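Data block below; observations after.
Each value in this text was obtained by applying a stated rule to the coordinates, not by laboratory testing. Being a predicted model, the structure only gives us computed values, none of them experimental. With ideal geometry, Cβ positions are generated from the backbone for all residues, glycine too; neighbour counts draw on all protein chains shown.
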Amino acid sequence: MRRALVAANWKMNASVAAIDAFVRAWQQPSSDVDVVFCPPLGYLDRLGSAFAGDVHLGVQDVGVEAKGAFTGEHSAEMAADLGAAYCIVGHSERRAMHGEDDAVVAGKFRAALRAGLMPVLCVGETLAERRAGDAKETVLRQLDAVLNDSGAAPFADAAVAYEPVWAIGTGVTASPEQAAEMHATIRQRLAAEDADVATAVRIVYGGSVKAANALALFAQVDIDGGLVGGASLDPHEFAAICAAAGAGQ
Ligand code: PEP
């Protein structure tokens, strides 16, 4: 049985005051769900101390290398040193705004593993790719780049986030059927490499998840939780989404 996973991607949204207010309002929903907060890196410590160990911490990105002359970067090792256990890699905003191609994403997945972080690998097609009938091909290409680089075994301790680009931050959610179909495709691809890994890997959905649509998505057999952007900034909304993940198991 896979444990549900719900990760909050706070993107570039945080302040000391906002974190303190969030934690004051937060009510941990269920012990059956791994709840992960990915604030901007500099706020990890504040968030971790405020939650006092009830949640997991993650980062939104890492560099490929462990250390060196890479101005503005932080490594997976540094994230682990600061208390992170999870790491988002290949988010579509990184792919689109920072030119991260499949090879770079594969390197970041490898870096997260090297540092003992659990990677949350984001894959997803654009609207143009879906309209052209290329959604599965795109997602499998993104997945294969990492599979070819790291092999299948590490996916037993990783998560994949299916995030259709057209659903991120738009208020338009993939239907439960659309999401379920892609999740099944991802799991089948992993099963072709290693059946045990495919059973173990958590595949979460991201793209305009809200309390109102979470249960319908998380009730799908291959959807093991969510990666949540905007709605994770509201403690009540996000707690309700986490509760839905527990109920949807
Ligand atoms: C995301 O950025 O990973 C995301 C899913 O954002 P939102 O929930 O706001 O669509």
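Collect residues whose amide H, placed 1.01 Å from N in the peptide plane, falls under 5 Å from the amide H of L121; neighbours closer than 5 in sequence don't count.
Sorted by chain and number, the residues that satisfy this are V89, A159, V160, A161.
Collect residues whose amide H, placed 1.01 Å from N in the peptide plane, falls under 5 Å from the amide H of V33; neighbours closer than 5 in sequence don't count.
Close amide H contacts, sequence-distant or interchain: none at all.
Per Stokes-Einstein, at 20 °C and 1.002 mPa s, what whole-number D in µm² s⁻¹ belongs to the chain, with the Kirkwood radius over Cα pairs as the hydrodynamic radius?
Result for D is 120 µm²/s.
Would you calculate a helix-derived [θ] at 222 nm for the chain, using -39,500 (n - 2.57) for each DSSP H run of n ≥ 4 and dividing by the full residue count, to the nearest 500? It would help to have the intermediate numbers written out before the result.
Details: 11 runs with 109 residues, N = 249.
Helix contribution divided over all residues of the chain: -13000 deg cm²/dmol.
Length gain on complete extension for the stretch R24 to E177, per 0.36 nm per residue less the alpha carbon to alpha carbon distance?
51.4 nm
Among V23, A158, A195, which residue has its Cα positioned farthest towards the positive end of the charge dipole of the chain, with +1 placed on the Cβ of Lys and Arg, -1 on the Cβ of Asp and Glu, and the dipole taken about the Cα centre?
So the residue we want is V23.
So who's got an amide H within less than 5 Å of the one on G58, skipping anything under 5 residues away but keeping other chains? H placed 1.01 Å off N, in plane.
Placed amide hydrogens put F37, C38, A85, Y86 under 5 Å from G58.
For the range 154-165, what does the Karplus curve 6.51 cos²θ - 1.76 cosθ + 1.60, with θ = phi - 60°, yield as ³J(HN,Hα) per residue in whole Hz, taken in order and with x for Gly and Pro?
Along the range 154-165, the couplings run x, 5, 5, 10, 9, 10, 10, 10, 7, 10, x, 4 Hz.
Can you count the Lys pairs in the chain whose Cα atoms are under 23 Å apart, with each pair 8 or more apart or on different chains?
Qualifying lysine pairs in the chain: 4.
For the charge dipole of the range 1-92, defined by +1 on Lys and Arg C-beta atoms and -1 on Asp and Glu C-beta atoms about the Cα centroid, which residue among G72, F37, G83 has the Cα displaced farthest towards the positive pole?
Among G72, F37, G83, the one farthest towards the positive end of the dipole of the range 1-92 is F37.
In debye, nearest 20, what is the charge dipole magnitude of the chain about its Cα centre with +1 on Lys and Arg Cβ and -1 on Asp and Glu Cβ, if you could check?
On the way: 19 positive and 31 negative charges, 60 e Å.
The calculated dipole for the chain is roughly 280 debye.
Taking Rh as the Kirkwood radius, which is the inverse of the mean 1/r over Cα pairs, what is the Rg/Rh value for the range 65-150?
1.02
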